[in-house]
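The values are calculated or read from the model by the stated rules, or taken from the named source; none is laboratory data. Given the structure is predicted, the values throughout are model-derived calculations rather than measurements. Heads up, the Cβs are rebuilt from the backbone with ideal geometry, glycines too, and the neighbour counts pull from every protein chain shown. Surface accessibility is based on the protein's heavy atoms, side chains included, excluding ligands, DNA and RNA. Shrake-Rupley method; radii C 1.70, N 1.55, O 1.52, S 1.80 Å.
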Amino acid sequence: AQIPPSRLSRDYIEMTIGPLSEEPELTRTLEVYLEHGGNKLATAAALPMHRSSLAYRLEKISQLIGVSLDDPEHRLELWLALRLKRIFDHAARE
């Protein structure tokens with residue numbers, strides 16, 4: 001994970017997941033959802049939360065960031081942005 005922070009990568013993060021920056025619970029929900037390959041049952045069990053609560057959160061996430069979480073390409077972009085953010089946040093703490 002030796003990706004140096006750059007203006008371009010930070011802009012990508014902001015453009016992709018910026019609206020979630022003030023929503024840590026939604027960010028965590030999205031991370032777990034993506035880690036479970038978009039499997040809603042597995043995500044609900046991992047968090048843990050009821051499936052209807054998860055559905056509500058995923059809909060809110062989708063509306064905030066303006067993409068469909070059902071689209072594999074969007075999920076890949078979101079995963080990448082979340083990973084970059086995690087790498088940069090970790091590097092900033094060191």
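Would you mind finding the one in 34, 8 that is open to solvent by 70 Å² or more (accessible area, probe 1.4 Å) and assigned to a helix (DSSP H, G or I)? After applying the criteria, what remains is 8.
Results for (1) surrounded by fewer than 16 Cβ atoms within 10 Å (Cβ to Cβ); (2) modelled with pLDDT under 95; (3) not polar (S, T, N, Q), shown as yes or no for each residue.
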{"site": "47", "(1), (2), (3)": "no, no, yes"}
{"site": "65", "(1), (2), (3)": "no, no, yes"}
{"site": "85", "(1), (2), (3)": "no, yes, yes"}
{"site": "92", "(1), (2), (3)": "yes, yes, yes"}
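For residue 59, the test of being modelled with pLDDT of 95 or more and surrounded by 13 or more Cβ atoms within 10 Å (Cβ to Cβ) is failed.
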